[in-house]
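**Student:** Structure provided below as C-alpha coordinates; questions to follow.
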Amino acid sequence: MKIGFIGLGIMGKPMALNLIKGGHELCVYDVVKERVEEVASAGAKAACSIAEAVKDAEFVVTMLPNSPHVKEVVCGEGGVLSAAKPGTILIDMSSIAPAASQEVAAKCAEKGVKMLEAPVSGGEPKAIDGTVSFMCGGEEEVFEKCRPILALMGKDIVLCGPSGAGNTVKLANQIIVAVNIAAVAEAFMLARQAGVEPQTVFEAIRGGLAGSTVLNAKGSMMIAQNVNPGFKIDLHIKDLNNVVDTAHRNGTPIPMTSVVMDMLQNLHLRGMGGCDHSAIAKYYEYLTGVKI
Ligand code: NAD
(Lines give C-alpha, C1' and ligand atoms only; values in the text may rest on other atoms or scores of the structure.)
Protein backbone atom coordinates (compact mmCIF):
# COMPACT_ATOMS: atom_id res chain seq x y z
CA MET A 1 0.00 0.00 0.00
CA LYS A 2 1.04 3.61 -0.52
CA ILE A 3 0.98 5.30 2.89
CA GLY A 4 1.60 8.98 3.70
CA PHE A 5 2.94 9.19 7.27
CA ILE A 6 3.04 12.49 9.19
CA GLY A 7 4.62 12.95 12.64
CA LEU A 8 7.87 11.08 13.25
CA GLY A 9 8.43 11.72 16.98
CA ILE A 10 9.03 9.27 19.84
CA MET A 11 6.06 7.10 18.79
CA GLY A 12 5.64 7.92 15.08
CA LYS A 13 9.18 7.05 14.00
CA PRO A 14 9.29 3.43 15.25
CA MET A 15 5.71 2.86 14.07
CA ALA A 16 6.60 4.14 10.57
CA LEU A 17 9.64 1.82 10.56
CA ASN A 18 7.36 -1.14 11.36
CA LEU A 19 5.16 -0.29 8.35
CA ILE A 20 8.25 -0.18 6.11
CA LYS A 21 9.36 -3.57 7.48
CA GLY A 22 5.84 -4.83 6.69
CA GLY A 23 6.41 -4.05 3.00
CA HIS A 24 4.44 -0.80 2.61
CA GLU A 25 5.59 2.15 0.48
CA LEU A 26 5.87 5.13 2.84
CA CYS A 27 6.14 8.82 2.00
CA VAL A 28 6.96 10.60 5.27
CA TYR A 29 6.80 14.16 6.60
CA ASP A 30 7.58 15.97 9.85
CA VAL A 31 8.34 19.63 10.57
CA VAL A 32 11.73 18.45 11.89
CA LYS A 33 13.72 17.64 8.73
CA GLU A 34 16.26 15.35 10.44
CA ARG A 35 13.44 13.00 11.51
CA VAL A 36 12.27 12.76 7.88
CA GLU A 37 15.83 11.99 6.73
CA GLU A 38 16.26 9.33 9.41
CA VAL A 39 13.13 7.41 8.33
CA ALA A 40 13.98 7.97 4.64
CA SER A 41 17.33 6.26 5.23
CA ALA A 42 15.35 3.16 6.31
CA GLY A 43 13.53 3.01 2.96
CA ALA A 44 10.77 5.66 2.99
CA LYS A 45 10.37 8.48 0.46
CA ALA A 46 11.05 11.89 2.06
CA ALA A 47 8.38 14.55 1.50
CA CYS A 48 8.96 18.31 1.75
CA SER A 49 5.34 19.07 2.60
CA ILE A 50 2.17 17.45 3.92
CA ALA A 51 0.65 17.67 0.42
CA GLU A 52 3.57 15.81 -1.12
CA ALA A 53 3.33 13.06 1.53
CA VAL A 54 -0.36 12.40 0.92
CA LYS A 55 -1.11 13.14 -2.75
CA ASP A 56 -0.62 9.56 -4.04
CA ALA A 57 -1.51 7.79 -0.79
CA GLU A 58 -4.22 5.17 -0.27
CA PHE A 59 -3.84 5.59 3.51
CA VAL A 60 -2.57 8.57 5.51
CA VAL A 61 -1.31 8.03 9.07
CA THR A 62 -0.83 10.90 11.53
CA MET A 63 0.94 10.71 14.92
CA LEU A 64 0.93 14.25 16.34
CA PRO A 65 0.94 15.77 19.85
CA ASN A 66 -2.62 17.14 20.34
CA SER A 67 -5.91 18.39 18.87
CA PRO A 68 -4.64 21.72 17.44
CA HIS A 69 -1.80 19.93 15.59
CA VAL A 70 -4.21 17.38 14.07
CA LYS A 71 -6.69 20.11 13.05
CA GLU A 72 -3.90 22.11 11.40
CA VAL A 73 -2.24 19.17 9.65
CA VAL A 74 -5.51 17.67 8.38
CA CYS A 75 -7.80 20.68 7.79
CA GLY A 76 -5.37 23.63 7.60
CA GLU A 77 -4.00 25.36 4.51
CA GLY A 78 -1.83 22.94 2.56
CA GLY A 79 -3.03 20.14 4.86
CA VAL A 80 -4.05 16.54 4.20
CA LEU A 81 -7.50 17.47 2.88
CA SER A 82 -6.05 19.94 0.36
CA ALA A 83 -4.19 17.13 -1.44
CA ALA A 84 -5.59 13.69 -0.56
CA LYS A 85 -7.69 11.92 -3.21
CA PRO A 86 -11.34 11.12 -2.36
CA GLY A 87 -11.42 7.54 -1.07
CA THR A 88 -8.20 7.96 0.92
CA ILE A 89 -8.40 6.64 4.50
CA LEU A 90 -6.92 8.75 7.31
CA ILE A 91 -5.75 6.89 10.44
CA ASP A 92 -5.12 9.40 13.23
CA MET A 93 -3.12 7.71 15.99
CA SER A 94 -2.64 10.92 18.04
CA SER A 95 -4.30 11.14 21.50
CA ILE A 96 -6.65 14.11 21.12
CA ALA A 97 -9.95 15.41 22.53
CA PRO A 98 -12.92 13.27 21.37
CA ALA A 99 -14.84 16.38 20.23
CA ALA A 100 -11.86 17.54 18.13
CA SER A 101 -11.59 14.10 16.54
CA GLN A 102 -15.30 14.17 15.61
CA GLU A 103 -14.83 17.65 14.10
CA VAL A 104 -11.89 16.47 11.98
CA ALA A 105 -13.77 13.32 10.89
CA ALA A 106 -16.69 15.50 9.72
CA LYS A 107 -14.33 17.73 7.69
CA CYS A 108 -12.79 14.59 6.16
CA ALA A 109 -16.23 13.27 5.18
CA GLU A 110 -16.96 16.53 3.31
CA LYS A 111 -13.94 15.75 1.09
CA GLY A 112 -14.73 12.06 0.62
CA VAL A 113 -11.96 11.00 3.01
CA LYS A 114 -12.82 8.38 5.69
CA MET A 115 -11.18 8.73 9.08
CA LEU A 116 -10.40 6.17 11.78
CA GLU A 117 -9.13 7.52 15.10
CA ALA A 118 -6.68 5.05 16.60
CA PRO A 119 -4.95 6.44 19.72
CA VAL A 120 -2.53 4.05 21.37
CA SER A 121 -1.26 3.02 24.76
CA GLY A 122 2.05 1.34 25.42
CA GLY A 123 4.80 3.92 25.00
CA GLU A 124 8.04 3.87 23.04
CA PRO A 125 9.20 0.29 23.84
CA LYS A 126 5.91 -1.14 22.54
CA ALA A 127 6.00 1.20 19.52
CA ILE A 128 9.42 -0.27 18.70
CA ASP A 129 8.26 -3.88 19.25
CA GLY A 130 5.04 -3.32 17.27
CA THR A 131 2.90 -4.25 20.28
CA VAL A 132 1.01 -1.05 21.21
CA SER A 133 -2.73 -1.30 22.03
CA PHE A 134 -5.09 0.54 19.68
CA MET A 135 -8.43 1.95 20.87
CA CYS A 136 -10.26 2.88 17.69
CA GLY A 137 -13.25 5.04 16.82
CA GLY A 138 -14.98 5.11 13.45
CA GLU A 139 -17.05 3.01 11.05
CA GLU A 140 -16.65 -0.77 11.20
CA GLU A 141 -15.99 -1.07 7.45
CA VAL A 142 -13.17 1.50 7.66
CA PHE A 143 -11.80 -0.22 10.78
CA GLU A 144 -11.61 -3.57 8.94
CA LYS A 145 -9.73 -1.95 6.03
CA CYS A 146 -7.23 -0.43 8.50
CA ARG A 147 -6.78 -3.55 10.63
CA PRO A 148 -3.91 -5.14 8.59
CA ILE A 149 -1.97 -1.86 8.77
CA LEU A 150 -2.60 -1.47 12.52
CA ALA A 151 -1.57 -5.12 13.06
CA LEU A 152 1.98 -4.28 11.89
CA MET A 153 2.27 -1.70 14.70
CA GLY A 154 0.18 -3.13 17.52
CA LYS A 155 -1.30 -6.17 19.24
CA ASP A 156 -4.66 -5.44 20.91
CA ILE A 157 -6.76 -3.67 18.27
CA VAL A 158 -10.26 -2.80 19.51
CA LEU A 159 -13.04 -0.86 17.79
CA CYS A 160 -14.60 1.04 20.73
CA GLY A 161 -17.47 2.65 18.79
CA PRO A 162 -18.06 5.56 16.39
CA SER A 163 -15.81 8.62 15.97
CA GLY A 164 -14.86 9.98 19.42
CA ALA A 165 -15.16 6.62 21.21
CA GLY A 166 -11.50 5.65 20.73
CA ASN A 167 -10.22 8.92 22.18
CA THR A 168 -12.76 8.65 25.03
CA VAL A 169 -11.33 5.24 25.93
CA LYS A 170 -7.82 6.71 25.76
CA LEU A 171 -8.87 9.43 28.24
CA ALA A 172 -10.31 6.75 30.56
CA ASN A 173 -6.93 4.98 30.34
CA GLN A 174 -5.10 8.21 31.21
CA ILE A 175 -7.30 8.86 34.30
CA ILE A 176 -6.63 5.35 35.62
CA VAL A 177 -2.87 5.59 35.01
CA ALA A 178 -2.52 9.09 36.56
CA VAL A 179 -4.54 8.30 39.70
CA ASN A 180 -2.80 4.92 40.08
CA ILE A 181 0.66 6.55 39.92
CA ALA A 182 -0.34 9.12 42.55
CA ALA A 183 -1.72 6.35 44.80
CA VAL A 184 1.54 4.39 44.55
CA ALA A 185 3.59 7.51 45.37
CA GLU A 186 1.37 8.38 48.36
CA ALA A 187 1.53 4.80 49.70
CA PHE A 188 5.33 4.64 49.33
CA MET A 189 5.75 7.96 51.17
CA LEU A 190 3.44 6.80 53.97
CA ALA A 191 5.56 3.65 54.40
CA ARG A 192 8.86 5.53 54.22
CA GLN A 193 7.85 8.06 56.89
CA ALA A 194 6.46 5.29 59.10
CA GLY A 195 9.78 3.45 58.85
CA VAL A 196 9.08 0.74 56.24
CA GLU A 197 11.15 0.49 53.01
CA PRO A 198 9.07 1.16 49.83
CA GLN A 199 10.90 -1.82 48.26
CA THR A 200 9.40 -4.02 51.01
CA VAL A 201 5.93 -2.60 50.31
CA PHE A 202 6.44 -3.34 46.60
CA GLU A 203 7.51 -6.96 47.17
CA ALA A 204 4.77 -7.64 49.71
CA ILE A 205 1.80 -6.26 47.76
CA ARG A 206 2.62 -6.72 44.06
CA GLY A 207 0.87 -10.13 43.91
CA GLY A 208 -2.26 -8.93 45.74
CA LEU A 209 -5.21 -6.72 44.82
CA ALA A 210 -3.05 -3.56 44.86
CA GLY A 211 -0.68 -5.05 42.28
CA SER A 212 -0.79 -3.38 38.85
CA THR A 213 1.22 -2.71 35.71
CA VAL A 214 1.64 0.83 37.05
CA LEU A 215 3.03 -0.47 40.37
CA ASN A 216 5.52 -2.70 38.54
CA ALA A 217 6.68 -0.16 35.94
CA LYS A 218 6.40 3.16 37.79
CA GLY A 219 6.81 2.04 41.42
CA SER A 220 10.23 0.64 40.61
CA MET A 221 11.19 3.92 38.92
CA MET A 222 10.19 5.85 42.07
CA ILE A 223 12.32 3.58 44.26
CA ALA A 224 15.26 3.94 41.84
CA GLN A 225 14.79 7.77 41.75
CA ASN A 226 14.66 7.42 37.94
CA VAL A 227 12.70 10.22 36.20
CA ASN A 228 13.79 9.58 32.60
CA PRO A 229 10.79 9.47 30.23
CA GLY A 230 8.90 7.24 29.28
CA PHE A 231 5.76 9.25 29.16
CA LYS A 232 6.35 12.90 29.93
CA ILE A 233 4.49 14.92 32.58
CA ASP A 234 3.63 17.56 29.95
CA LEU A 235 1.94 14.93 27.74
CA HIS A 236 -0.08 13.69 30.71
CA ILE A 237 -1.14 17.28 31.47
CA LYS A 238 -2.29 17.52 27.83
CA ASP A 239 -4.38 14.34 28.19
CA LEU A 240 -5.90 15.41 31.53
CA ASN A 241 -6.80 18.79 29.99
CA ASN A 242 -8.74 16.80 27.39
CA VAL A 243 -10.35 14.82 30.27
CA VAL A 244 -11.42 18.11 31.92
CA ASP A 245 -12.80 19.44 28.62
CA THR A 246 -14.76 16.24 27.97
CA ALA A 247 -16.01 15.98 31.57
CA HIS A 248 -17.23 19.59 31.57
CA ARG A 249 -19.13 19.01 28.32
CA ASN A 250 -20.98 16.08 29.89
CA GLY A 251 -21.22 17.10 33.56
CA THR A 252 -18.98 14.24 34.74
CA PRO A 253 -17.49 14.71 38.24
CA ILE A 254 -13.69 14.29 38.13
CA PRO A 255 -12.36 15.07 41.64
CA MET A 256 -9.58 12.44 41.43
CA THR A 257 -8.32 13.72 38.05
CA SER A 258 -8.39 17.31 39.35
CA VAL A 259 -6.16 16.49 42.33
CA VAL A 260 -3.57 14.68 40.19
CA MET A 261 -3.73 17.48 37.59
CA ASP A 262 -2.81 19.92 40.37
CA MET A 263 0.25 17.79 41.22
CA LEU A 264 1.31 17.58 37.57
CA GLN A 265 0.92 21.37 37.05
CA ASN A 266 2.98 22.00 40.19
CA LEU A 267 5.76 19.73 38.86
CA HIS A 268 5.59 21.42 35.44
CA LEU A 269 6.15 24.81 37.13
CA ARG A 270 9.14 23.32 38.93
CA GLY A 271 10.68 22.58 35.51
CA MET A 272 9.84 18.86 35.50
CA GLY A 273 7.49 18.79 32.49
CA GLY A 274 10.00 16.69 30.55
CA CYS A 275 10.32 14.07 33.30
CA ASP A 276 8.48 10.73 33.35
CA HIS A 277 5.01 10.89 34.94
CA SER A 278 6.24 8.58 37.72
CA ALA A 279 7.93 11.79 38.99
CA ILE A 280 4.54 12.52 40.64
CA ALA A 281 6.47 10.95 43.54
CA LYS A 282 8.58 14.14 43.61
CA TYR A 283 5.47 16.13 44.59
CA TYR A 284 5.39 14.13 47.84
CA GLU A 285 9.16 14.42 48.24
CA TYR A 286 9.03 18.24 47.89
CA LEU A 287 6.25 18.48 50.51
CA THR A 288 7.91 16.20 53.08
CA GLY A 289 11.59 16.87 52.34
CA VAL A 290 11.98 13.07 52.47
CA LYS A 291 13.10 10.81 49.57
CA ILE A 292 10.95 7.78 48.81
P1 NAD B 1 6.42 13.70 19.88
O2 NAD B 1 6.32 15.12 20.32
O3 NAD B 1 7.67 12.93 20.13
O4 NAD B 1 6.11 13.59 18.30
C5 NAD B 1 5.22 14.41 17.60
C6 NAD B 1 5.82 14.70 16.24
O7 NAD B 1 4.90 15.50 15.49
C8 NAD B 1 7.14 15.49 16.31
O9 NAD B 1 8.14 14.85 15.57
C10 NAD B 1 6.76 16.86 15.72
O11 NAD B 1 7.84 17.48 15.04
C12 NAD B 1 5.65 16.45 14.76
N13 NAD B 1 4.79 17.57 14.39
C14 NAD B 1 4.20 18.50 15.21
N15 NAD B 1 3.49 19.38 14.48
C16 NAD B 1 3.61 19.00 13.18
C17 NAD B 1 3.12 19.52 11.95
N18 NAD B 1 2.35 20.63 11.92
N19 NAD B 1 3.46 18.90 10.80
C20 NAD B 1 4.26 17.79 10.82
N21 NAD B 1 4.77 17.25 11.95
C22 NAD B 1 4.44 17.86 13.11
O23 NAD B 1 5.17 12.96 20.54
P24 NAD B 1 4.99 11.38 20.76
O25 NAD B 1 5.51 11.00 22.10
O26 NAD B 1 5.42 10.64 19.54
O27 NAD B 1 3.38 11.33 20.91
C28 NAD B 1 2.52 11.41 19.80
C29 NAD B 1 1.10 11.15 20.30
O30 NAD B 1 1.04 9.83 20.88
C31 NAD B 1 0.63 12.11 21.40
O32 NAD B 1 -0.72 12.41 21.22
C33 NAD B 1 0.86 11.32 22.69
O34 NAD B 1 -0.01 11.71 23.73
C35 NAD B 1 0.56 9.91 22.22
N36 NAD B 1 1.22 8.85 23.00
C37 NAD B 1 2.51 8.96 23.38
C38 NAD B 1 3.11 7.95 24.15
C39 NAD B 1 4.55 8.05 24.62
O40 NAD B 1 4.95 7.25 25.48
N41 NAD B 1 5.34 8.97 24.10
C42 NAD B 1 2.36 6.82 24.52
C43 NAD B 1 1.04 6.72 24.08
C44 NAD B 1 0.47 7.74 23.32
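**Student:** Let's test this: bin the Cα-Cα distances of the chain at 10 Å from zero up to the farthest pair and state each bin's percent.
**Tutor:** 7, 27, 32, 21, 11, 3, 0
**Student:** Could you tell me the center-to-center distance, by alpha carbons, between segment 39-117 and segment 177-241 in angstrom?
**Tutor:** Cα centres, segment 39-117 to segment 177-241: 36 Å.
**Student:** Mind checking which of Arg270, Arg35, Arg147 has the largest fluctuation in a GNM of the chain, springs on alpha carbons under 10 Å?
**Tutor:** Arg270
**Student:** Suppose a student asked you for the relative contact order of the chain, using Cα pairs under 8 Å spaced at least 6 residues apart; what percent would you report?
**Tutor:** Averaging sequence separation for qualifying contacts and normalising by length gives 13 percent for the chain.
**Student:** So how exposed is His248, as accessible area in Å² (1.4 Å probe, rounded to 10)?
**Tutor:** 140
**Student:** Right, another one. PRE reach from Ile176 (point 7 Å along Cα→Cβ): which of segment 100-125 fall under 17 Å by backbone N?
**Tutor:** 119-123
**Student:** Between Cys48 and Lys21, what FRET efficiency comes out of the Förster formula 1/(1 + (r/R0)^6) with R0 = 22 Å and r the beta carbon distance, rounded to 0.05?
**Tutor:** The pair Lys21/Cys48 has a calculated efficiency of 0.35.
**Student:** Please sort through the DSSP H helices of the chain and keep those with an alpha-carbon extent of at least 18 Å along the long axis and a Kyte-Doolittle average not below -1.0.
**Tutor:** 98-110, 165-193, 233-250, 255-267
**Student:** Could you rank Glu77, Glu140 by how accessible they are, 1.4 Å probe, largest area first?
**Tutor:** Reading off the accessible areas and sorting them downward yields Glu77, Glu140.
**Student:** Can you give the FRET efficiency to the nearest 0.05 for Lys145 and Ala106, using r as the Cβ-Cβ distance and R₀ = 30 Å?
**Tutor:** 0.95
The values are calculated or read from the model by the stated rules, or taken from the named source; none is laboratory data. Just so we're clear, the structure is a prediction, and the values are computed from it rather than from any experiment. Reconstructed Cβ throughout: ideal geometry from the backbone, glycine too, with neighbour counts over all protein chains shown. Heavy atoms of the whole protein, side chains included, go into the accessibility calculation; ligands, DNA and RNA do not. Shrake-Rupley method; radii C 1.70, N 1.55, O 1.52, S 1.80 Å.
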